[in-house]
Amino acid sequence: MHSFGEHTVNLGFKAGGRIGSDPLPRYDHFQWGGFLQQSGYVTGQLMGARVRFARALYYHRIMRGGLLEGAYGGVSLEAGRVDNPLVPGNSDALLKSASIFVAADTPVGPAYIGYGRSAAGNASFYFYLGRPF
């Protein structure tokens, strides 16, 4: 994460899979999708034995102080792959998504309202109270 003035850029990645040659049991498959984790897909929509994911996140402070301790507007660009999907026929190709959101630091924790869309046309709206990732 790098901040300069009111602007912040955050780059992240996540990867997971099995160790060794034994197949991953179905109950241990990765559930993927959701806000800032392939935002165009609903939470847990993507399931597979291995996940690789990268995200670029930008947000800008749009308000200071008051009832809300601060508010931010932001966007994300996301790309990932879920290999060996649990549901036969689900794609294991590179998935691309993006989101736009507003976040606020509230007295009970961070709150987010967002909209995500995938390159395949899937879309989701999100509301989170607390950290979504």
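The values are calculated or read from the model by the stated rules, or taken from the named source; none is laboratory data. None of the values given here were measured: they were computed from a predicted structure. Every residue, glycine as well, gets a Cβ built from its backbone with ideal geometry; the counts of neighbours run over all protein chains shown.
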- line: Taking first residues from region 96-109 that are closer than 30 Å to R81 by Cβ and second residues anywhere that are of a type in the set (D, E), the pairs with Cβ under 9 Å that are 6 or more apart or on different chains are K96/E78; S97/E78; A98/E78; S99/E78
task: Filter region 106-133 down to residues that are surrounded by 16 or more Cβ atoms within 10 Å (Cβ to Cβ) and over 13 Å from the mean Cα position of the chain (by Cα) and give me whichever is modelled with the lowest pLDDT.
output: P110
statement: The condition of being touching a Pro at 6+ places or on another chain (Cβ under 7 Å) and under 20 Å from E6 (Cβ atoms) holds, among A103, A56, only for A103
query: Which number in (1) in contact with a His (Cβ under 8 Å, 6 or more places away or on another chain); (2) within 18 Å of F125 (Cα to Cα); (3) of a type outside the set (A, V, I, L, M, F, W, C) marks the one condition that K96 misses?
result: (1)
- prompt: What strands (runs of 3 or more DSSP E) completely inside region 1-70 contain at least 1 residues that are surrounded by 19 or more Cβ atoms within 10 Å (Cβ to Cβ) and of a type outside the set (V, I, T)?
  reply: 30-32, 46-64
- prompt: Within region 7-31, can you find the residues that are touching a residue at least 12 places away in the same chain (Cβ under 8 Å), of a type in the set (A, V, I, L, M, F, W, C) and out of contact with any Lys or Arg (no Cβ under 9 Å at 6 or more places or on another chain)?
  reply: V9
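For (1) at pLDDT 90 or above; (2) closer than 22 Å to A120 by Cβ; (3) not hydrophobic (A, V, I, L, M, F, W, C), each residue gets a yes or a no:
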site	(1), (2), (3)
L11	yes, no, no
S21	no, no, yes
P25	no, no, yes
F35	yes, yes, no
Y41	yes, yes, yes
Q45	no, yes, yes
A54	yes, yes, no
I62	yes, no, no
L68	no, no, no
query: When only residues in region 76-105 that are small (G, A, S) and in a strand (DSSP E or B) count, which is surrounded by the most Cβ atoms within 10 Å (Cβ to Cβ)?
result: S97
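This table checks each residue for (1) more than 18 Å from K14 (Cβ to Cβ); (2) over 10 Å from the mean Cα position of the chain (by Cα).
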| position | (1), (2) |
| --- | --- |
| G33 | no, no |
| Q37 | no, no |
| Q45 | no, yes |
| A49 | no, yes |
| R52 | no, yes |
| Y59 | yes, yes |
| V75 | yes, yes |
| P85 | no, yes |
| K96 | no, yes |
